[in-house]
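Below is one structure, written out as structure tokens; the observations come after it.
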Amino acid sequence: MHADIRELQRTNQLTEPYGVLAYWVARSRKEIGIRLVLGAEPGRLRAMVLRDTLVIALVGFACGVPLALWLGRFARTLLYGVAPGGLPTILVSCGTLPIAGVLAGALPARQATRVDPLVARRNE
């Protein structure tokens, strides 16, 4: 049962950033289309989206880890065989969260460079 919950948590951890970033790219299609019309290189647009992805991931990471450690004290009675502030738990989350953020931004970044400027302008 604990393994199922853990896998569900990991899946949620990896899919949530993608949803936020895909929504952000969809909302900024007009801006991206204008940048393409003005001559922006697709590589620079990809870098812009990935940079924003990293900022979102790092802000979430900087807020989430201390909050998780603080709230872990209250959940200690609910956990069996796992220390909420254990070093392996923190190291795994420190390693997977930035990677998940970059991977979640890769597809929206690719979609951002495929925006047709005329279609983006017409849809607004």
May I ask you to compute the full-extension gain from Leu107 to Ala62, defined as 0.36 nm times their residue separation minus their alpha-carbon distance, rounded to one decimal in nm? 13.8 nm
Near Gly105, within a Cβ-to-Cβ distance under 12 Å, what is the net charge of the other residues, with Lys and Arg +1 and Asp and Glu -1? +2
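Can you give the FRET efficiency to the nearest 0.05 for Trp24 and Arg76, using r as the Cβ-Cβ distance and R₀ = 22 Å?
Working: r = 36 Å, r/R0 = 1.64.
The formula returns an efficiency of 0.05 here.
No lab work stands behind these numbers, since they all come straight from the coordinates. Model, not experiment: these values are computed from the prediction. Heads up, the Cβs are rebuilt from the backbone with ideal geometry, glycines too, and the neighbour counts pull from every protein chain shown.
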